[in-house]
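Here's the structure we're looking at; comments come further down.
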Amino acid sequence: MSRLTCWTGTAVLAGVLAACGGGQAHPARFSTDWTDDGGVSIGHVWDRVGASTIAPSADVVVGVAGHTDKLIGLPLGGGTKWTFAHPLDARPIVTGGVVVASGGNEAFALDAKSGSVIWRRPTGGIPLLGAGDDGSVTVLTFRKSGGAGSMLLAVAHDGSVVQQIETDRPLGAPAVLGRLAFVPWAGQYVSVIDLSTGDEVARVTLREQTTRAWTQAGSLWFGQNGYIRFDAHIRDASRGKATSLSIPMRELPGTPKLMPPGDPLGPVAGAEDKVHLYARPTAAGDGAAIDSGRWYATYFRLAMGFGTDKGKLAWVHTHTTNFMGGAASSGGVVLCDEQGKITTLDAKTGGVLSEADLGEQLESCTVSIDGLAASGTPGGVKPLAQQLADAVTADDQQLVVAQKLLLRELATVEDDTATKTLVDLASDPRTSPDLLGDARTALANRRNGATYMEAALAKHYDFLKDVLRAPPVGPIAQALGAMKERAAAPLLAAHLLDTADTDDDVKQTAAALAVVASPDQLSALRQFFAMYRSTAENDDLASAVVSVGQALLTLNDGARVADAAKDDATVSYAKERLQALLAAQPPAAAAPAPATDPNKKKK
């Protein structure tokens, strides 16, 4: 029975492979009984195909719609939307000029531009894991249920089976170059299979987790958590000297990944698709670099751009709905959302360069960008402070984890807009409790934006006027006191006796007034001191009494403080500290001797 005849049957894959025999036996293929050859064999492969021109893969977005039984494709850079009805058991893959998918007990390839069928083959019902295509042959890998082995299938564009290989090893996603299949397996090896014979003609051991091979930006790449370039240095890979590339480590919400592990992706997107990393590796002289000096992260409906040097946040884009797929392009990132909208963001600013629409709500989305560069002038780009403000004030509970991180980023921005946002967050009763504490802390550490802080202090809790949360008096007082903002003194004094403020707010207000109060605030200070020096119910209020005492001393009302420090009715916490304040005061200057008239004679 020929392979071609065998693959036209409808038996399950195990039966198919048993009937076909998997071709001739190749004991060395995917065998762990192998001694590293020091890069000799992979070096020969580089000499053979290293100078080959790699055509770019199709620039297309493919969405899964309906009940995972419909593909919608939209070629980017010009082209007509197409649809293809077919049940799916795995995420479609774009490679070369084809879209490869599986479902309904078969695998199939479509022309990425038109959606027309190029070939289809029965599979026995196991899902597609990975695929590579060089324009004439498609190489696919499948993972059996339960992880009990894998199958590699090579199909020519005329539908004939070139190779099929069964193995008990966990194969990854392959790539094709010069009729050679580059197949990652066991997380650390890449075997090179000659598609003419089915033989393993070379192998390389990589020192980084590797489950995927693909072509992009004119090069062949391997990796999972980073990128390893197939170039002249690949022969030194087992010694850790291959051309490798990674993005900087930094704190990110949801711990997103660059690439999924070596398992089939289901046709329905999950959280790992909505929380994801994107970057575009490119050849750079004798090495590699990340295109545009940018890598990207999505967190549901937020997209963020980071610098490749230290991972510094460059921009954040707040979207209307969740992202679920994307790809980095030259000069930007192309993202697809749940509603089927496609948005291209500028690498430098995060501004929107273009938008498109698949026209339907999606279950998942695959984006392939290779030859198409992001272009145009981004519209409506806001300063980073405002971008952060939009993100951290978005009323969406699912964003809180990211908002906590972005709030810390906002706190480092030296812009009055950042202060305003922190004031708004700390004042808004809708602010999540998970964010409120961070917002108050960041606000207390601000050293600019006094105008916004004073505007907030002018408000007091008033149910009838719809002011449902008192302003963040304590953090504002700390900031204004540190800035020695004397213009805020009347506003601070007005909050000393506001019963809607917390005891901590009162404590911080009094501490600020000890620094910025003027004689105009004496009346309020004296009233507070008289009311609370003997009635303070806790240490916060007692501490406020001491700070007010300090203000009174500064304003030359020391007699009042001295009387309180001697009075047994003064609460002990305040009494002891008022006595210490008085003891630290410099001694009063002696009265000057009366002037004498030198012309006056002594009696």
Practice task
May I ask you to list the aspartates and glutamates whose Cα is less than 18 Å away from that of K341, ignoring any residue fewer than eight positions away on the same chain?
Solution key: D59, D273, E355, D357, E360, E363
Problem - Accessible-area order (highest first, 1.4 angstrom probe) of the listed residues E272, E338 - result: E272, E338
Handout entry: Centre separation in Å (Cα based) which lies between segment 220-269 and segment 471-522
Key = 54 Å
Fill in the blank from the handout: Among trypsin sites (Lys or Arg not before Pro) in segment 421-520, those in a DSSP loop whose Cβ has at most 16 other Cβ atoms within 10 Å are R430, R447, K459, R469, K484
Handout entry: Three-way shape label, segment 283-367, alpha-carbon gyration tensor, a/c 1.5
Key = prolate
Fill in the blank from the handout: Residue by residue through segment 161-171, the couplings from Karplus 6.51 cos²θ - 1.76 cosθ + 1.60 with θ = phi - 60°, in Hz, x for Gly and Pro, are 7, 8, 8, 9, 9, 9, 8, 8, 8, x, 7
Handout entry: Solvent-accessible area, 1.4 Å probe, carbon plus sulfur percent, for the chain
Key = 50 percent
Fill in the blank from the handout: Count of lysine pairs, segment 390-531, Cα-Cα under 24 Å, sep. 8 or more residues or interchain, comes to 8
Handout entry: Added length on full extension, which subtracts the Cα-Cα distance from 0.36 nm per residue, A85 to T535
Key = 154.2 nm
Completion exercise
For segment 352-424, the dipole about the Cα centre with charges only on Cβ (Lys and Arg +1, Asp and Glu -1), to the nearest 20 debye, works out at 280 debye
Exercise for the section: Provide the net charge surrounding A112, with neighbours chosen by a C-beta distance below 12 Å and charges set as Lys +1, Arg +1, Asp -1, Glu -1. Expected result: -3
Problem - Total charge dipole magnitude, segment 435-519, about the Cα centre, Cβ charges on Lys, Arg, Asp, Glu only, Debye to nearest 20 - result: 300 debye
Problem - Cβ-based net charge around R207, under 10 Å, with every Lys or Arg adding one and every Asp or Glu removing one - result: +1
Practice task
For segment 316-330 and segment 362-402, compute the distance between their C-alpha centroids and round to whole Å.
Solution key: 5 Å
Exercise for the section: Specify whether the C-alpha gyration tensor of segment 274-424 places it in the rounded, prolate or oblate class, a ≥ b ≥ c being the square roots of the eigenvalues: rounded for a/c under 1.5, otherwise prolate if a/b is larger than b/c and oblate if not. Expected result: oblate
Exercise for the section: Return one number: the angle in degrees, 0 to 90 and rounded to the nearest 10, between the long axis of the Cα atoms of helix 416-427 and the longest principal axis of the Cα atoms of the chain. Expected result: 80 degrees
Exercise for the section: Just flag the GluC sites (Glu not before Pro) in segment 390-474 sitting in loop per DSSP whose Cβ has no more than 11 other Cβ atoms within 10 Å. Expected result: E414
Completion exercise
Whole-Å distance linking the alpha carbon centroid of segment 562-585 with that of segment 524-546 is 12 Å
Completion exercise
With a ≥ b ≥ c from the Cα gyration tensor eigenvalues, square-rooted, and the rule rounded for a/c under 1.5, otherwise prolate when a/b > b/c and oblate otherwise, segment 519-584 is oblate
Handout entry: Around R169: net Lys/Arg minus Asp/Glu count, Cβ-Cβ under 15 Å
Key = -1
Exercise for the section: Could you quote the convex hull projected area for the chain, Cα atoms only and averaged over all directions, in nm²? Expected result: 42.5 nm²
Exercise for the section: Taking only protein heavy atoms into account and a 1.4 Å probe, give the accessible area per residue of the chain in Å². Expected result: 43 Å²
Exercise for the section: Tell me, rounded to the nearest percent, the portion of alpha carbon pairs in segment 92-149 spaced more than 17 Å apart. Expected result: 33 percent
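The values are calculated or read from the model by the stated rules, or taken from the named source; none is laboratory data. Owing to the predicted nature of the structure, the values given are computational and were not obtained by experimental measurement. With ideal geometry, Cβ positions are generated from the backbone for all residues, glycine too; neighbour counts draw on all protein chains shown. Ligands, DNA and RNA are stripped out before the accessible areas are found, and what is left, the full protein with its side chains, is counted by its heavy atoms. Shrake-Rupley method; radii C 1.70, N 1.55, O 1.52, S 1.80 Å.
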